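Novice: Before anything else, here's the structure in question.
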Amino acid sequence: MQLRKTSAALGAAALLSFTVASSTASAADSSDPIKIPIHNWSSQIVGAHIVGKILERTGASAEYVPADSQVVYTSMCEGDVDLVHEVWQGAFGVAFEKVVDEGCVVDTATHDAKTREEWWYPSYVEELCPGLPDWQALNACADKFATAETQPNGRFLAGPVDWLKHDAERVAGLKMNFEVVNAGSAAALWAELESASKRKAPIVLFNWTPNFIEAIYDGKFIEFPEYDPKCKEDASWGVNPETTYDCGNPKDGYLKIGTWKGMADKWPKAYGVLQKINFSNLDIAVMAKLADVDGMEPEEAADKWLADNAERVDSWLN
Ligand code: TMO
C-alpha cells in the first residue's frame, strides 16, 4: 500500500495526521513518554505497570509519576499526566466528572469491573451490634468502637485523605456518633484489620471491592441510605434536608479509564489500544493480591499478570 502512494498522497497523509485526531495507521505516535500516575493502593500500582507495559508494546514509552489521587484530575486536565486507568466512581467520580465536563479530560473506557467503596466490618462484629449491616444499628453501638482518642464517639478508620470519601460530611449529615480517623496508608488499614481480627476487637473501617481482602476476611459493608447522584449536590435530597452526603456510596460503581484530551492526537496508536483495555473484578482483585498477599514488587506482579493473561492482552493489541 505505502509503496503505491505518490509523494503527493504521502504529503496529504502526513498533513492529515496533523489535522485529524484519530487512529489512521499512518499517524505516528509521539516519542515523548506517556505519563502514568502511581497512587497509594496496590491494584492501581500493579495495574499502572500493566497498562504501561501494554502501551510500550505499541512502541510508546511510559513514565511513572507518583501522584495524589485527587490532584491527578487537575494534572490530567492540564496535560501533566496522560491517563488514569482506575477511576473509581465512589472516590473520584466527582473530581473526574468535573474535568470531563470542562472538556480537558476524556471518558475513554469503562472496565467491566463493578466497584463498591464503603464502611466495612469483619463478621464477628455482628455479635456486638444486633441489626448490622444497617447503619442505624451501627450507630446504636457506636460506643463499642470508641478509643481514648474518639470517646464517647466511635472510631471510623478511614483511608488516606486523598481518597476524599466525604466521611466526615456523612457522619454529620446522618448525625452519627462517630469520629473519622484517617489512616496514613492502605497498609495501615490492613494492619489494623489484622490486629483487631486476632483479638476479635470491634473495628469499622474503609474497604472496597474488588480487593484482596475478600479472599482472606469474612465481612460486610455497612448499608447506608441508598446512593443517588442528587445526594452529593442537593442538600434538600435525602434523610437530612440540610446537608449533602447523607447517603452511602454507589454499590455498582463504575471503574473507568480517563485520559488527557490531547492523548488521542499525540499517541493515536497507544490511545487505540488503551480504549480496548478492560479489567474485570477478578483482574483488579488479582492485581491487589499479587502485591499484598504474595508480596511481589509492582513490576514483577505486572509481568506475572501479563503472562497469565497473554491472549486477552494480544487481542487488545491487535
Ligand atoms: C480508591 N480506592 C480503591 C482506594 O477506594
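Novice: Tell me, what does the Kirkwood hydrodynamic radius of segment 26-151 come to in angstroms if you use every pair of distinct C-alpha atoms?
Specialist: Evaluated over segment 26-151, this radius sits at 17.7 Å.
Novice: Using only Cα atoms, what is the ratio of the radius of gyration of the chain to 2.2 N^0.38 Å?
Specialist: This ratio for the chain stands at 1.14.
Novice: Same structure, new question: Going by amide H atoms built from the backbone, whose H comes under 5 Å of the H on Leu83, apart from near neighbours?
Specialist: For Leu83, whose amide H was placed from the backbone, the distant partners under 5 Å are Trp260.
Novice: So which GluC sites (Glu not before Pro) in segment 127-232 end up in coil per DSSP with only 10 or fewer other C-beta atoms within 10 Å?
Specialist: Here the GluC sites (Glu not before Pro) that fit, given the DSSP loop and packing criteria, are Glu149.
Novice: Further question on the same structure: Give me the percent of DSSP beta bridges within the chain that run antiparallel, rounded to the nearest 5.
Specialist: Within the chain, antiparallel bridges account for around 60 percent of the total.
Novice: Using all Cα-Cα distances in segment 116-232, what percent lands in each 5 angstrom bin from 0 up to the longest?
Specialist: Going from the shortest bin to the longest, the percentages are 2, 11, 23, 27, 23, 11, 3, 0, 0.
Novice: Subtracting the Cα-Cα distance from 0.36 nm times the residue separation, let me have the gained length for Ala307 to Gln136 in nm, one decimal.
Specialist: Extra length from Ala307 to Gln136 when fully extended: 56.9 nm.
Novice: Given segment 116-232, what percent of its DSSP beta bridges are antiparallel, to the nearest 5?
Specialist: That works out to approximately 55 percent antiparallel.
Novice: Arrange the following residues from fewest to most other Cβ atoms within 10 Å of their Cβ: Phe212, Phe156.
Specialist: In increasing order of surrounding Cβ atoms, one gets Phe212, Phe156.
Novice: Right, another one. Report ³J(HN,Hα) in whole Hz for each residue of segment 143-150, in order, from the Karplus equation J = 6.51 cos²θ - 1.76 cosθ + 1.60 where θ = phi - 60°; Gly and Pro get x.
Specialist: My calculation for segment 143-150 gives 4, 5, 9, 5, 10, 3, 5, 10 Hz in order.
Novice: Can you list the equivalent-ellipsoid semi-axes of segment 191-318, largest first and in whole Å, using the square root of 5 times each Cα gyration tensor eigenvalue?
Specialist: 33, 27, 11
Novice: Here is a follow-up. Taking loop as defined by DSSP and a crowding limit of 16 other beta carbons within 10 Å, which trypsin sites (Lys or Arg not before Pro) in segment 39-137 fit?
Specialist: For trypsin sites (Lys or Arg not before Pro) across segment 39-137 that sit outside H, G, I, E and B with at most 16 neighbouring Cβ atoms in 10 Å, the list reads Arg57, Lys114.
None of the figures in this text is laboratory data; all of them are computed from the coordinates on show. The structure presented is a predicted model; accordingly, all values stated were derived computationally and were not measured. Glycine also receives a Cβ, built like all others from the backbone with ideal geometry; neighbour counts cover every protein chain displayed.
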